[in-house]
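Here's the structure we're looking at; comments come further down.
The values are calculated or read from the model by the stated rules, or taken from the named source; none is laboratory data. Worth saying up front: this structure is predicted, and the values here are computed from it rather than measured. FYI the Cβ positions are ideal-geometry reconstructions off the backbone, even for glycines, and counts take in every protein chain you see. These area figures cover heavy atoms from the full protein model, side chains too; ligands, DNA and RNA do not enter into them. Shrake-Rupley method; radii C 1.70, N 1.55, O 1.52, S 1.80 Å.
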Amino acid sequence: MGTRTRRQFIGGLTSTAATTALVACHPRGPWHPGRGLPQLPPNLFSLGVASGDPRHDSVLLWTRLAPDPLGGGGMPEVAVPVRYELAFDDAFAKVVRRGHAWAEPRWGHSVHASVNGLRPDAWYWYRFIVGEEVSPIGRARTAPAPGRGDSLSFLFASCQNFRHGYYTAWEHAPAEETDLIVHLGDYIYEGGMASGGVRQHNSPEVHTLDGYRNRYALYKQDPALQAAHAACPWVVTWDDHEVENNHAGLVPQEVEEQPEFAARRAAAYQAWWEHQPVRMPPPTDEHLRIYRNLDWGRLGRFHVLDTRQYRDNQPCGTNDWGTVCPERDDPARTFLGARQEAWLGRSLKRSRAVWDILANQVIMTALPVAGALHNFDQWDGYTAARSRLFDELRDGRVENPLVLSGDAHAGAVGEVVGQTDEGFTEPVATEFLGNSITSNFGEELWEAAEQLVVDLDHVRWINVRQRGYVRCDATRDAFTAQYRLVDTVLEPSSPISTASAWRVEPGHIGAQQI
Ligand code: FE
Ligand code: CA
């Protein structure tokens, strides 16, 4: 085990061993082509393919067999071997790896195959095969080798409520030809069916494993989302709607939901694991550790956060907007949980990357609206935890911290600051808040939100009116962010354009408009 590998392992990067164990030590033993398959319905690959969490020597491949995607999956209650092929070309003339992984009933017949021993900084094509059925083709890639890497490009996105629009932005993602797509959460919404949406949910509000599986299936049947997954590896985290709006740890949105909430969250976590191209082992209890880091050679390190699972309840008697109270600043309250907080400190300190990128869910900077209102579901509700993170970010060893955020359904660019009785504190990082893919920003709040640019020096730009994603390009000399927004999500297709573009130079906090 090399230094870097050991460091990552100790740092708690997800364990290859666990993933491999799922495949190699399966109770049903190794499979060989002559062993035969159970009789299966057609349309096994209805949810597409994906890859995720790339390493310099490994790709993670995902699919889920679901011939009846909205009806529980439709697979018989048996484990099924799924073959995969990895090639240098899309005709699969030069196959570099063949293998198989088990699709097990207890994990919704999902497949997570870690393919190791690959060359760094290389693109591959992959596909899955079950009997006569061949999956769509996807593209995966490895990260640059440790210490290497001259460029990194990625899209980041969040908040894709199916009811609020078409995935007109995702349609444009493959043409961006980026190395990665980073999703900051609200990949699904748990809510029920309601009139007035652009598209309809498939069930009332979701509470059970079957319900969450069917909800993921509804979203993942979208062809634009499938194409975006097939285009490049994704790095995925979650926010609240993967379980329930504005929940905090094991505290649900409404107090009367408390008795069933731990079971509900466990079901939601399992379904998330089953449907995302992630390396961590599946959940074994009510928790699922998803915070992790991912290195792009020497150029970038992603610190992928989970600000939802371990947080204390929102303060001051509300789980969204309110006015401050002493509880908010209580140093005993946590946002990341003690273990993740310590892990993040180590992950930042040990990083030798030019760009330290925090893949974070909710707005980090202090954001008083109309002078006195704060959203306590954001970092603004957890000021002591935020100060502790600021101490880490001010450490001279963190050269260039960049914070990516979602959740707000609006795009914005600014600097991360705190707030005391004397005013705002010195900026500690640059923050890019990404627009939602579809989720609404209430029209009645547009003007109040746009006033923030006037009222607050640390907010440089804001766009609450459009939907889309942010395209980022990094080299050793600069980090640029382009807000790529579509005209509408109310039609099945829509042109995309760059609404605003920003540049960060190493050694500087804050972005310049370009
Ligand atoms: Fe959202
Ligand atoms: Ca959210």
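See the values below:
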read-out: Counted residues, segment 363-417 - those being away from ligand 2 (no atom under 16 Å from the Cβ), more than 24 Å from W446 (Cα to Cα) and outside any helix (DSSP H, G or I); value: 8
read-out: Sole residue being within 16 Å of ligand 2 (Cβ to nearest atom) and without any contact (Cβ under 8 Å) to a residue 40 or more places away in the chain, chosen from P223, P252, P283; value: P252
read-out: Residue list for segment 105-162, restricted to those being touching a Phe, Trp or Tyr at 6+ places or on another chain (Cβ under 6 Å) and among the aliphatic types (A, V, I, L, M); value: A113, I137, A140, A143, L152, L155, A157
read-out: Residue list for segment 417-441, filter: of a type in the set (F, W, Y), in contact (Cβ under 8 Å) with a residue 40 or more places away in the chain and either within 16 Å of ligand 1 (Cβ to nearest atom) or buried (at least 19 other Cβ atoms within 10 Å of the Cβ) (or both); value: F432
read-out: Unmet criterion (only one of (1) within 16 Å of ligand 2 (Cβ to nearest atom); (2) modelled with pLDDT of 95 or more; (3) more than 21 Å from the chain's Cα centre (by Cα)) for F335; value: (3)
read-out: Residue match in segment 172-179 (condition: more than 16 Å from ligand 1 (Cβ to nearest atom), open to solvent by less than 10 Å² (accessible area, probe 1.4 Å), out of contact with any helix residue (DSSP H, G or I) (no Cβ under 7 Å at 6 or more places or on another chain) and closer than 21 Å to R292 by Cβ); value: yes
read-out: Tally of residues being more than 16 Å from ligand 1 (Cβ to nearest atom) and in contact with a Phe, Trp or Tyr (Cβ under 6 Å, 6 or more places away or on another chain) across segment 372-401; value: 5
read-out: Considering residues of segment 242-252 that are among the aliphatic types (A, V, I, L, M) and assigned to a loop (DSSP other than H, G, I, E, B) only, the residue nearest to ligand 1 (Cβ to nearest atom); value: V243
read-out: Complete set of residues in segment 386-405 that are in contact (Cβ under 8 Å) with a residue 40 or more places away in the chain, within 17 Å of E505 (Cα to Cα) and out of contact with any helix residue (DSSP H, G or I) (no Cβ under 8 Å at 6 or more places or on another chain); value: E399, N400, L402, V403, L404
read-out: From A145, A140, residue being in contact (Cβ under 8 Å) with a residue 40 or more places away in the chain and either surrounded by fewer than 24 Cβ atoms within 10 Å (Cβ to Cβ) or within 16 Å of ligand 2 (Cβ to nearest atom) (or both); value: A145
read-out: Members of segment 199-241 found to be within 16 Å of ligand 1 (Cβ to nearest atom), within 14 Å of the chain's Cα centre (by Cα) and aromatic (F, W, Y), listed by number; value: W238
read-out: Any hit, segment 59-66, residues being part of a loop (DSSP other than H, G, I, E, B), modelled with pLDDT of 95 or more and hydroxyl-bearing (S, T, Y); value: no
read-out: Complete set of residues in segment 253-278 that are open to solvent by 10 Å² or more (accessible area, probe 1.4 Å) and assigned to a loop (DSSP other than H, G, I, E, B); value: Q253, E254
read-out: Where V182 falls short, out of the listed (1) touching a residue at least 60 places away in the same chain (Cβ under 8 Å); (2) away from ligand 2 (no atom under 16 Å from the Cβ); (3) not in a loop (DSSP other than H, G, I, E, B); value: (2)
read-out: Residue in segment 287-294 that is in contact (Cβ under 8 Å) with a residue 60 or more places away in the chain, over 30 Å from V504 (Cα atoms) and of a type in the set (S, T, N, Q) present; value: no
read-out: Among residues of segment 112-133, those that are open to solvent by 20 Å² or more (accessible area, probe 1.4 Å) and in contact (Cβ under 8 Å) with a residue 12 or more places away in the chain, counted; value: 11
read-out: Index of the failed condition, L288 passing every other in (1) open to solvent by 10 Å² or more (accessible area, probe 1.4 Å); (2) more than 16 Å from ligand 2 (Cβ to nearest atom); (3) at pLDDT 95 or above; value: (1)
